[in-house]
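Q: Below is one structure. I have some questions about it.
Rule-based calculations on the coordinates, nothing more; no lab input. For clarity, every value in this text was computed on a predicted model and none was experimentally measured. Because the Cβ atoms are built from the backbone with ideal geometry, glycine has one as well, and the counts that use them run over all protein chains shown.
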Amino acid sequence: MDKLSGRRILITRAEEDCESWADQLRLLGAVPIIFPCIECEPIISKTILGKLEQEVPCAHWLVFTSRRGVDAFAALYEKPLPEKLKIAVVGPTTAQAAGEKLGRVDFISEKSTAISLGRELGKKIKSPCRLIMALAENAGKTLEGELDSAGKECVRLDLYRTIPKKNQGRRRIISSLGADSIFLASPSAVTGFTNQVELDTTPNVFTIGPSTTASVLAAGLAVAGEAKQSNLQGLLEAFSCAN
């Protein structure tokens, strides 16, 4: 993508996730600027552990919408998975994590979004079955809504949470960060971003999907482009279309 050459792009993911995107942007000639706007933490409680012990042996599908969900599940449930249990995920990054941590992936959503995963699974699964959705505590209800409307029996387990970064004193002036574009990958990142910066210029904001776009607009910012796929490639395509 020649349009990326020399472009300075602000990455607002959790600190431990920023570098993988930064490496890919560097390979494309961009200048990544790492500015973490969220933190992630697993939810560890007797209630969650008890539900996992109860639900996993009875389920037919285990559904993930992020690598974080895979990581949290693998850390909390250390027993071998039942052979009948199939694993569905969104996108290649989540698929890679599931393959590494859980040993297999049985279905990957073509469009890499929670809503597409729900729709595709609703069509794919014909017989009655029980699905476990391993999600973030603050994730929306699009996935379960699609599965519910398709008549599937779903159990939602919130295994981790994303926390917006708080203001650690004086806010940074956005122009001082030296970015000409900003990639925002979750509503939590939007909150963490607005908590930490003061706008003295109008940034070019690119979002990873509809819920992030809604959060950006609610914060009073404009959206230059929205990804059609919920990953870095989708953001890059949105960027390319806008430039």
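Q: What does the helix-only formula give at 222 nm for the chain: each DSSP H stretch with n ≥ 4 adding -39500 (n - 2.57), the total divided by the residues, and the result rounded to the nearest 500 deg cm²/dmol?
A: Details: 9 runs with 94 residues, N = 243.
Only helices count here, giving -11500 deg cm²/dmol.
Q: Then there is this: Report the one residue of G140, I163, T94 whose Cα lies farthest in the direction of the positive end of the charge dipole of the chain (charges on C-beta: Lys and Arg +1, Asp and Glu -1; origin at the Cα centre).
A: Farthest towards the positive pole: G140.
Q: Go through A227, L121, I208 and say which Cα lies farthest out towards the positive end of the charge dipole of the stretch 111-243; charges sit on Cβ, +1 for Lys and Arg, -1 for Asp and Glu.
A: Of the listed residues, the answer is L121.
Q: For the stretch 1-71, what relative contact order do you get, as a whole percent, if you take Cα pairs closer than 8 Å and at least 6 residues apart? Provide the component values of the computation, followed by the final result.
A: Details: 65 pairs, mean separation 20.7, N = 71.
Relative contact order, the stretch 1-71: 29 percent.
Q: Report the FRET efficiency, 1/(1 + (r/R0)^6), for N243 and K101, where r is their Cβ-Cβ distance and R0 is 35 Å, rounded to 0.05.
A: Numbers: r = 37 Å, r/R0 = 1.05.
Computed FRET efficiency for N243 and K101: 0.45.
Q: Still on this model: Just report the Cα centroid separation between the stretch 168-243 and the stretch 24-98, whole Å.
A: 24
Q: With a cut-off of 8 Å between alpha carbons and a minimum separation of six or more residues, what is the relative contact order of the chain in percent? Show your work: numbers first, answer last.
A: On the way: 495 pairs, mean separation 47.7, N = 243.
Averaging sequence separation for qualifying contacts and normalising by length gives 20 percent for the chain.
Q: Show which lysines lie in cross-link reach of K228 when reach means a straight Cα distance below 18 angstrom and same-chain residues fewer than eight apart are skipped.
A: Within reach: K111.
Q: Of the cross-linked pairs K84/K124; K141/K165; K101/K141; K79/K101; K51/K166, which ones have a Cα-Cα span greater than 20 Å in the structure shown? Write down the numbers at each step before the final one.
A: Numbers: K84/K124 16 Å; K141/K165 23 Å; K101/K141 25 Å; K79/K101 12 Å; K51/K166 32 Å.
With Cα atoms farther than 20 Å apart: K141/K165; K101/K141; K51/K166.
Q: Given +1 on the Cβ of Lys and Arg, -1 on the Cβ of Asp and Glu, and no further charges, what dipole in debye does the stretch 133-206 carry about its Cα centre, rounded to the nearest 20?
A: On the way: 9 positive and 9 negative charges, 82 e Å.
Result for the stretch 133-206 is approximately 400 debye, rounded to the nearest 20.
Q: Still on this model: Looking only at the chain, where both bridge partners belong to it, what percent of the DSSP beta bridges are antiparallel (to the nearest 5)?
A: Details: 5 of 38 bridges.
Close to 15 percent.
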